[in-house]
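Remarks on the structure that follows.
All of the numbers you see were taken from the coordinates with simple rules; none came from a lab. On a predicted model such as this, the values are computed, not experimentally measured, just so you know. Glycine also receives a Cβ, built like all others from the backbone with ideal geometry; neighbour counts cover every protein chain displayed.
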Amino acid sequence: MNKQAIWFIVNPISGGKNAHQTIVKLIDNQLDKKIYQPVVRYTEYAGHATKIAAEGVENGVEIIVAIGGDGTVNEVGKALIHTKTSLGIIPTGSGNGLARELGIPMKAADAIASLNTPITKIIDVCKVNDIPFFCTAGVGFDAHCAEVFSRKKGRGMLNYVKVGFNEFWKYKPLRCVFAAENYEVFSVTFGNASQFGNNAYITPTAKIDDGLIDCTIVHQPSAFQAMDLISKLFNGNILSSNLTENYQGTKFKLSCEDNFLIHYDGEPMRLSTNELTISILEKCLKVMI
Ligand SMILES: Nc1ncnc2c1ncn2[C@@H]1O[C@H](COP(=O)(O)OP(=O)(O)OP(=O)(O)O)[C@@H](O)[C@H]1O
């Protein structure tokens with residue numbers, strides 16, 4: 001039997017000290033070499049994973065596994081859209097939204113074991129302007145926090161919560177135009193998947209292969225209301241709050257006065273436009289589950 005070429009793209013800065021070395025050892029010991037011919041590649045800078053993955057596609061590699069958080073998964077995944085190469089994930093981030101959504105185990109050993117009994121699925125990918133995202137993208141408070149967080153040294157959920165808490169008191173609602181109506185919002189999130197990561201279900205009715213984009217608008221909460229929203233976010237019932245609005249569609253447009261600060265799969269980016277179009281590419285990415 002011909003062995004399948006499988007590349008592992010490792011983000012060495014994700015998952016804390018030496019996490020990646022342990023995972024590479026596990027791959028060496030536990031990946032079924034009767035079916036796979038593995039190659040391990042390391043990223044050297046932000047954006048490098050996309051280049052490596054594109055090289056893999058060109059070389060006809062069947063499976064490319066991102067070892068990192070949602071940022072790395074996004075960088076690898078975007079090179080695999082509309083190709084025959086499948087995306088695998090060994091999650092080492094703090095959110096791991098796409099891995100959770102696909103039911104990929106959080107423990108590296110279990111994620112490797114699931115690669116040994118390969119099952120693939122085809123999912124949708126959404127785009128904010130020309131930027132692909134796999135879980136969520138949005139504007140407002142979440143994008144602001146993603147930007148502040150990206151400038152901090154500390155990683156992980158606890159540091160993210162600290163940023164959220166500190167920024168909440170200073171945050172001013174975002175004025176924008178959505179569906180030809182003026183809004184002042186806390187956040188607007190578009191979901192291909194149901195969660196930001198960490199089982200925080202911001203677009204709880206989103207399904208990753210239904211051809212639809214879900215949109216959740218959150219209106220500015222008081223501190224007391226914010227506590228309730230956070231609990232609903234993690235319980236999967238944020239839409240029961242009267243501070244939220246929810247829409248489904250295949251295209252959304254959003255504009256505001258200044259150039260948008262967005263996040264896509266948790267990565268912040270200041271755009272040079274004040275107009276956003278959110279669109280969907282149906283069933284365009286093969287993933288390993
Ligand atoms: N070798 C590298 N050196 C510096 N930055 C890198 C390198 N490889 C990847 N990156 C960048 O690291 C950032 C964070 O990656 P990723 O989201 O995968 O991990 P994480 O921060 O551990 O995850 P999470 O955000 O869920 O905590 C991404 O913006 C990615 O571009």
- Task: Work out the length of the dipole vector of the range 131-282 about its Cα centre, built from +1 on the beta-carbon of each Lys and Arg and -1 on the beta-carbon of each Asp and Glu, and round it to the nearest 20 debye.
- Result: 600 debye
- Full-extension gain in nm, LYS283 to GLN21, via 0.36 nm per residue minus C-alpha separation: 90.9 nm
- Query: When the dipole is taken about the Cα centre of the chain, and only Lys, Arg (+1) and Asp, Glu (-1) are charged at their Cβ, what size is it in debye, to the nearest 20?
  - Reply: 820 debye
- Mind scanning LYS51/LYS170; LYS78/LYS121; LYS121/LYS251; LYS51/LYS127 and naming the pairs with a C-alpha gap bigger than 27 Å? LYS51/LYS170
- Using only the Cα atoms of the range 88-217, construct the convex hull and provide its projected area averaged over every direction, in square nanometres to one decimal. 9.2 nm²
- Note on the structure: Per the 1/(1 + (r/R0)^6) rule, R0 = 51 Å and r from the Cβ atoms of GLU167 and ASP32, FRET efficiency to 0.05 is 0.65
- Query: If you take the square roots of the eigenvalues of the alpha-carbon gyration tensor of the range 4-118 and sort them as a ≥ b ≥ c, do you get rounded (a/c under 1.5), prolate (a/b over b/c) or oblate?
  - Reply: rounded
- Item | For the chain, the spread of Cα positions along each principal axis, largest first, Å | 60, 36, 34
- Task: Find the centroid of the Cα atoms in the range 142-211 and in the range 9-28, then give the distance between the two in whole Å.
- Result: 28 Å
- Message: Give the list, by residue number, of cysteines in the chain with no other Cys Cβ closer than 4.7 Å, or say none.
- Response: CYS126, CYS135, CYS145, CYS215, CYS284
- Message: With loop defined by DSSP as not H, G, I, E or B, and exposure as at most 13 other Cβ atoms within 10 Å, which is the longest segment of the chain clear of exposed GluC sites (Glu not before Pro)?
- Response: 45-256
- Message: If I model a spin label as a point 7 Å beyond the Cα along the Cα-Cβ vector, how far apart are those points for THR273 and ILE119 in nm?
- Response: 3.9 nm
- Message: So for each of 116-128, 189-201 I average, over its residues, the number of other beta carbons within 10 Å; can you give me the resulting order with the highest mean first?
- Response: 189-201, 116-128
- Query: What order do you get for MET157, MET269 when you list them from fewest to most C-beta neighbours inside 10 Å?
  - Reply: MET157, MET269
- Message: For q values of 0.14, 0.19, 0.20, 0.21 Å⁻¹, compute log₁₀ I(q)/I(0) with the Debye formula on a Cα-only model of the range 131-282, without solvent.
- Response: -0.64, -1.27, -1.42, -1.59
